[in-house]
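Below you'll find the structure, written out as structure tokens, and then a few comments.
What follows is calculated from the coordinates using simple rules that are stated; it is not laboratory data. From a predicted model like this one, the values you see are computed outputs, not experimental measurements. Positions of Cβ are generated from backbone atoms using ideal geometry, with glycine treated the same way; all protein chains shown enter the neighbour counts.
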Amino acid sequence: MAYNNFSFSLIPSEFGRLSRLTHLNLSFSMFSGLIPSEISFLTNLVSLGLSSFKNYDATSLLHLRKVDFANLIQNATNLSALHLRQVDISSSLPESLANLSSLTSLGLDGCGLYGKFPENIFQFPKLEVVYLPCNYFLTGFLPQFQPSSSLERLALDYTNFSGILPNSIGYLKSMSRLALWNCHFVGTIPSSIWNLSELTFLDLSWNHFTGHHQLPSTLGNLAKLADLLLESSQLNGEIPFSLGNLTQLKSLGLSNNNLSGIIEFGYFSRLSNLQILTLSSNSLSVTTTNINSELPKFTLLFLASCNLSEFPEFLKTQDQLRLLDLSFNRIKGETPKWFWGIGNNKLEALDFSGNELHGSLTVPPLLTSMSVFCISGNNLTGRIHPSLGKWTRLKVLDLSKNHFGGTIPQWSGRLAGSLEFLNLKENNLQGSIPPISTNGSMHNMMRVLDLSHNQLQGKVPQSLINCSNLQILNLGHNQISDTFPFWLQNLSELQILVLRSNNFFGPIWHPHKYLGFVNLSIIDLSFNHFSGSLPSEYFRNWGYMSKAPSRNASDMIHFGKSKAESNYSLEYLYSTSMLSKGLDMPLKKALRIFSSIDLSNNKFDGEIPSSIGNLRYLIVLNLSSNSFTGTIPSSLGNLRELESLDLSKNKLIGGIPQ
């Protein structure tokens, strides 16, 4: 009964009565809720499929209790296929799993599993398929494989598997898919891996390999490869000519390595099926002149940091192109008019950041398919072009670190319905911040708004309250003159608030307006004219800083790298900075595990609130250059995670608490 739609109904417990049942498959049929414990009564099961989808907020539709999971495995000793993909189990694996020696296929993707995976399972004689990706806290090692192994597909992406890749991996002659992306494997890539001639998919990207690896000429043995992904794998040397033997290749990812030499782009004409190519961030010099043969039709092309000095003219013929990254090259001058016609006006993501473009930015209104547009860190001048306001699918717009002047266009407020990330920092923008339009009932998607380091004046528009998904608001280093915007407390997703170096004034506490910030991890109000005292309970309702963070990857990485098969999106990271002892320190990715409060260089008085001791996971606290009085509260001793404390230039008295 797989792949139906049972409208989020419960799985009937009566299945448990079908005692002679050997095969049960309810996968991807829109069931929800708790999987009934009666399923564990089915002791004759040979094959069980209860895999599920996830909700839009990444929560599982189906849940399985730890005790029922253990009973199921303990009772169904003849299981050969067990598929519980994206079912929320949230437990360690039962020891009895290691006894299912008849297993041929195991699918436990995204189940919230933790603890150690039993190593001997990989050595089961009939095992062909193991899928465990996206169990972020699941640990384990790969064993020494035997020549008799039947393993064909192994996926451990986004787990905590570690150790070395054994050279005996070369015994897996039937292996067609090996996906180890974003694990913690170390050591060198075994040379035997290049002898697995049945491989169609190989991904070893983003591990912790060490030493010096070169792509060997034996790479050409993998003639069936459709996807070869070796990003951030400590590769060096030149790309071997034998790569041209991989004529089935559709996706090639070699970014973030130390590959060197000059590579003529015409070389890739030998790979006529290639659609996705990433060469970014190596020591390569890519030449795009004198291309005499027809190139593949690329859909995604990442050529960041490839020493390009001009816009590659071969792009004129790339009518299938959807994502293009030319960032951090040495491309000079103005954008040629022909450039905006590439991809048949169907470009979805474009990154020019970190080049040497100058002049005004003139863009056509036709690119209504564009969702990511980044042109940060150039020398562009003039006003922000009005045609950008007609790109109605835009999700990420980054024009930061240029010399744009004039006012922020009114259309930026209208785009907030679709726009998730707007970064205009470090320009010469003036005037007031335009109001955010709600467009009727349309859900507002804005998550990151950074207007810092401009010359903005006026007040913070209260229409920002419409941005209910806002996680980061940075208005620092402007000339905004306003009282504290208490209504920001209603933005329950707000995690970073920076109002530093403006002309804000007045109290930040009011008996009828102050509630606290439930999700805030970084707040910077320094270098303003805030004044008044803070009651002892001021930090009582700052929930995030008082509870242990997950210590997992930040959810502030918007348009983070996603890989479903070979589909990429532009990796887009947000970084902020903090000022400590006069040093402006960047915080790359602005990780959720970092908590900071900076109220320095204001006019606060009265005692330091004792409730600050509730913020047990605070890392940086700066209250310097104010007029705080009284003693240092002993509750500061509760801040065991604190790494930086600055109480200087106040009017504090008494001893320093032990």
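Numbers for the structure displayed
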{"read-out": "Theoretical FRET efficiency, 1/(1+(r/R0)^6), r = Cβ-Cβ of Ala58 and Lys126, R0 30 Å, to 0.05", "value": "0.35"}
{"read-out": "Extension gain, Arg640 back to Trp340 (0.36 nm per residue minus Cα-Cα distance, nm)", "value": "102.6 nm"}
{"read-out": "Tilt relative to the chain, helix 66-75 - C-alpha long axis, 0 to 90 degrees, to 10", "value": "0"}
{"read-out": "Local net charge near Ser418, Cβ-Cβ under 9 Å (Lys/Arg +1, Asp/Glu -1)", "value": "+1"}
{"read-out": "Bins of 10 Å from zero: percent of alpha-carbon pairs in region 348-500", "value": "11, 43, 37, 9, 0"}
{"read-out": "Cα centroid separation, region 346-371 to region 44-122 (Å)", "value": "46"}
{"read-out": "The chain - Debye-derived log10 I(q)/I(0), Cα point model, q = 0.07, 0.08 Å⁻¹", "value": "-0.58, -0.75"}
{"read-out": "The chain: calculated mean residue ellipticity at 222 nm from DSSP helix runs of at least 4, using -39500 (n - 2.57)", "value": "-500 deg cm²/dmol"}
{"read-out": "Contact order normalised by residue count of region 310-402, Cα under 8 Å, 6+ apart, percent", "value": "25"}
{"read-out": "Distance violations [Cα-Cα > 29 Å] among Lys425/Lys547; Lys126/Lys224; Lys126/Lys297; Lys250/Lys390", "value": "Lys425/Lys547; Lys126/Lys297; Lys250/Lys390"}
{"read-out": "Label-point gap, in nm, between Glu310 and Ser9 - each point 7 angstrom along Cα→Cβ", "value": "6.7"}
{"read-out": "Rg [Å, one decimal], Dmax [Å, integer] - region 233-272, C-alpha atoms", "value": "10.6, 27"}
{"read-out": "Relative contact order [Cα under 8 Å, 6+ residues apart], region 439-546, whole percent", "value": "22"}
{"read-out": "Calculated Rg and Dmax of region 80-128 using C-alpha coordinates, Å", "value": "10.6, 29"}
{"read-out": "Net charge contributed by nearby residues that have their C-beta within less than 12 Å of Arg270 (K/R +1, D/E -1)", "value": "-2"}
{"read-out": "Sequence-separation-based contact order of the chain, relative, with Cα cut under 8 Å and 6+ spacing, percent", "value": "4"}
{"read-out": "Residues Glu356 and Ser90, FRET efficiency given R0 of 35 Å [Cβ-Cβ distance, rounded to 0.05]", "value": "0.10"}
{"read-out": "DSSP-defined antiparallel bridges as percent of all bridges, the chain, nearest 5", "value": "5"}
{"read-out": "Förster radius 41 Å - calculated FRET efficiency between Ser387 and Ser285 (Cβ-Cβ, nearest 0.05)", "value": "0.75"}
{"read-out": "Selection from Leu93, Trp340, Gly382 lying farthest towards where the dipole of the chain points positive, charges on Cβ", "value": "Gly382"}
